[in-house]
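Following: one structure in structure tokens, then a few remarks.
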């Protein structure tokens, strides 16, 4: 991940430089040429210093190891020399220049018989032997010259390396570009606290108020921790810088160096834009979930494990304000090391009786350290474990009032009781059921009164993984994992909702199809206007209940509704078997048509005729629920001819039929007899063409508006 991160930054810087030169950023060869051997494209990334030579290879630091003999049977590889790419020189490690020769001593500088054989009596040298000696001598001279030249280079490079190694951490303040705010002042924030209490001001609640200017150094956004100095710091020893140079870990803030020119004496470190853990705890707008809390704890533990194995050995100032968060919400520890440079003194004293409001800053200090007057400048490993326990308690409970919330004592009284350790059990922050039992047990072990009984951070890491396996991932990785699970779950939900939507859509389509013809529904759903259409030949069916008015008079409204519902359900089930369309029902009248809205040739008359016979046969077995002894009688009329059909209205639209054919069909029904199918002459002629139907002539009757018309009875098929 670190190399991928640095590769992305390297590519971005190369594109930016190429654009500045007026080049094409889509030209890959131009981008490569811009990267190679460019002094303008180099930066300090997550994997260290990044700089590319003219061959396209990255400069790297190297170390040469030599097998150093020990008293045991095996040897040990130790660093014999180092090469730092920044200076292009080789630096031999002085204490390991002695090499282990095969015979315990270096080879003799004199041949056994001398260079010319003067020490041995030999026969006269022949010409071939003389030539061989000359060649050997020349080769020897070449080797000696080469060794002498290399020795000179080594000495020179060593001298240059020594002079450069002592100043790599010195930063010229003019090389830093400060980032001003809109009002022209520098960024003021409580987001980064490096642990220098002399520059931290506290209010009555112990809130840190620190001005942290932000700058750009070698393409990196950095935080500047200014130190109050009246004279330049004493930098005779650069050991502190050598130690800080090795502090490269994903959970530690990167140390870039220091500025030593008055009045701009400052420490330059990586800038973490999300602030400190203290800022997160002070924010009560949202509650951190368990994943965030355990991920923070894992980050702190991983950083402390690396720190304890480093030359610095311990932190000594672990608390919420020294736990910073980068843009990936990853904890990065700060406030450790370079004590002498920070405070201008070698020792760290603690006058417990003259601290004033500073007692709050001692909440995270182990009791054995509170009992000391001269404290270790970097604390102790076991003291760091105690600090972690107090810090872990704050993270779990997400309280901004400090770790000892709920204990009604003044800060001085709290520190006095923790330092004395007389109480049984000793005074510690309160733990409630909000904390998972295994985490509670871990916290209690870490703040044990006896430093020897506290676990080291490697053990803490194992116990933390057992208590919260998911927290071992980085927050961003954890969030990505959760988002993947959520996305998978969302896909399932979408599929389920889509299925539900499809089901509801089908229900809606069925409902619409029961109100309007399917072809009309499709046109309306597509946003089209349904134009009226003329049909040359269709068959219209009407039927009603004989004596419905008298039957309604002796029935309740609910009984009438039940009667019509039972009847229409029966008829609706029947028409499903035929190529017909139910136009409407008005009271006891039931209207059906065939041949529209989808034309079916001459089958319309056959479909209506057969359906009518089916109606009569089914109605003979129909029983009225509230009048079981009564026989329900239908009167049916059929006519064939041209009609015009169209949708009428926007609110509750209706598919209506217009034309003389509809009127004649209605007259055929009204002039018919109970349990008879009355058909017009036009319908009869069509049925005779098809054949297979039994028709009986009724005779001539007078139809309103049509005069005398010859009609027939449809008796069967």
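Specify whether the C-alpha gyration tensor of segment 606-716 places it in the rounded, prolate or oblate class, a ≥ b ≥ c being the square roots of the eigenvalues: rounded for a/c under 1.5, otherwise prolate if a/b is larger than b/c and oblate if not.
Note, shape of segment 606-716 comes out oblate.
If one puts a single equal scatterer on every Cα of segment 525-716 and applies the Debye formula without solvent, what log₁₀ I(q)/I(0) results at q = 0.08, 0.11, 0.17, 0.18 Å⁻¹?
Taken in order of the listed q values, log10 I(q)/I(0) reads -0.27, -0.51, -1.14, -1.24.
Give me 307, 178, 616 ranked fewest to most by other Cβ atoms within 10 Å of their Cβ, as a rough exposure proxy.
Result, fewest neighbours first: 178, 616, 307.
What is the fewest-to-most order of 483, 627 by other Cβ atoms lying within 10 Å of their Cβ?
483, 627
Tell me whether segment 2-50 comes out rounded, prolate or oblate; compute the Cα gyration tensor, take square roots of the eigenvalues as a ≥ b ≥ c, and use a/c under 1.5 as the rounded threshold.
Note, shape of segment 2-50 comes out prolate.
Arranged by the count of other C-beta atoms within 10 angstrom, fewest first, what order do 510, 245 take?
The fewest-first ordering by Cβ neighbours comes to 510, 245.
Please tell me the relative contact order of segment 2-50 in percent, rounded to the nearest whole number, where contacts are Cα pairs under 8 Å and at least six residues apart.
Relative contact order for segment 2-50 comes out at 46 percent.
Using mean Cβ contacts within 10 Å as the protection proxy, how do 597-606, 487-496 order, highest first?
Ranking, from highest mean packing down: 597-606, 487-496.
Under the classification rounded if a/c is under 1.5, otherwise prolate if a/b is larger than b/c and oblate if not, where does segment 418-556 fall, given a ≥ b ≥ c as square roots of the Cα gyration tensor eigenvalues?
prolate
Determine the gain in length on full extension of the stretch residue 492-residue 423; use 0.36 nm per residue of separation and subtract their C-alpha separation, reporting nm with one decimal.
Between residue 492 and residue 423, full extension yields 19.1 nm more.
Quick note: the coordinates plus some simple rules give every number you see, no bench work behind them. Nothing here was measured: the structure is a model prediction, and the numbers come from that model. Because the Cβ atoms are built from the backbone with ideal geometry, glycine has one as well, and the counts that use them run over all protein chains shown.
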